[in-house]
Amino acid sequence: MTDWLSPEEWTAVRLSLIVATTAMLASLPLGVGVAFLLARGRFWGKSVLDALVHLPLIMPPVVTGYLLLIGFGRRGPIGQFLYDWFGIVLSFRWTGAALAAAVMGFPLMVRAIRLSIEAVDRKLEDAAGTLGANPFWVFAVVTLPLCLPGILVGMILCFAKAMGEFGATITFVSNIPGETQTLPSAIYTFTQVPGGEAGAMRLTLISIAVSVSALFISEYMARLVGRRIAIE
């Protein structure tokens, strides 16, 4: 691949993989928690939480990126706190690209996990509770293993979405080669310069291959885990 791609193109591919993987792993604990609250919780404001989780899917990505810039920029309330106390800078850094990708992919992860939790038979959870298991233990040994296919699907969908994220990323962290220029940003750059069609096509083919592979892998892993759970 390094012979087929230029160093700049390879850097964009590698950075996209790093950003997407970081976004997926960082979103996972919160995604499982929020999905469980939406699937099992009964509390005031549940519909509001559901709306906030899915808001990035219906808002223009540029709006999401602008809100991230306001909140997590160097002069934003959260961004300034992170910089003053921990020296962390997110705006115009690859970590900021991972944050933007995580925000955009989070709704897909939560939805997949939530549907999987809702499919778990409540009688199994109730049976574990009658045997003396506390709610956390019931979730860890009963609910979590049974909803593992949904977790895997949610992770891969989040990864795929993060790989293709453009609007929120370029608004929040710009398009800096070697720092924040991911696959979509690099493709956009190639389309704006004379003679960049070949580079744009190469990166487009890689993006399509990664996305299709992610979908096939998510389906295969969900079926594989589902069969093992059924056997057990």
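Before moving on, here are some points about what is shown:
- Against the chain, whose longest principal axis is taken from its Cα atoms, helix 46-58 shows a tilt of about 30°.
- Pair L215, L25: separation of 7 Å Cα→Cβ label points (nm): 2.7
- The gain in end-to-end length when the V48 to A119 segment is fully stretched comes to 23.3 nm, 0.36 nm per residue minus the alpha carbon separation.
- Extension gain, I88 to I208, is 39.9 nm, computed as 0.36 nm per intervening residue step minus the present C-alpha separation.
- The slack in the chain from E179 to V193, taken as 0.36 nm per residue of separation less the alpha-carbon distance, amounts to 3.0 nm.
- Residue-averaged 222 nm ellipticity for the chain, from DSSP H runs of 4+ at -39500 (n - 2.57), nearest 500: -25000 deg cm²/dmol
- With semi-axes defined as the square roots of five times the eigenvalues of the C-alpha gyration tensor, the equivalent ellipsoid of segment 82-184 measures 38, 17, 8 Å, largest first.
- Average accessible area per residue (Å²) across segment 7-228 - probe 1.4 Å, nucleic acids and ligands excluded: 53
- Principal axis box of segment 1-131, alpha-carbon based, largest edge first, Å: 59, 41, 30
- Loop-located chymotrypsin sites (Phe, Trp or Tyr not before Pro) in segment 1-86 (DSSP state not H, G, I, E or B) with no more than 13 neighbouring Cβ atoms inside 10 Å: W4, F43, W44.
- Over all projection directions, the Cα-based convex hull of segment 90-129 averages an area of 4.0 nm².
- Trypsin sites (Lys or Arg not before Pro) lying in DSSP loop within segment 2-56, provided at most 10 other Cβ fall within 10 Å: R42
- Atom-type composition of the exposed protein surface of segment 7-228 places 69 percent of the accessible area on carbon and sulfur (1.4 angstrom probe).
- One way to sum up the overall shape of segment 7-228 is the equivalent ellipsoid from its Cα gyration tensor, whose semi-axes run 35, 22, 13 Å, largest first.
The values are calculated or read from the model by the stated rules, or taken from the named source; none is laboratory data. None of these values were measured; they are calculated from a predicted model. Backbone-built Cβ (ideal geometry, glycine too); neighbour counts: all protein chains shown. For the accessible areas, the whole protein counts, side chains as well, though only heavy atoms, and no ligand, DNA or RNA atoms are used. Shrake-Rupley method; radii C 1.70, N 1.55, O 1.52, S 1.80 Å.
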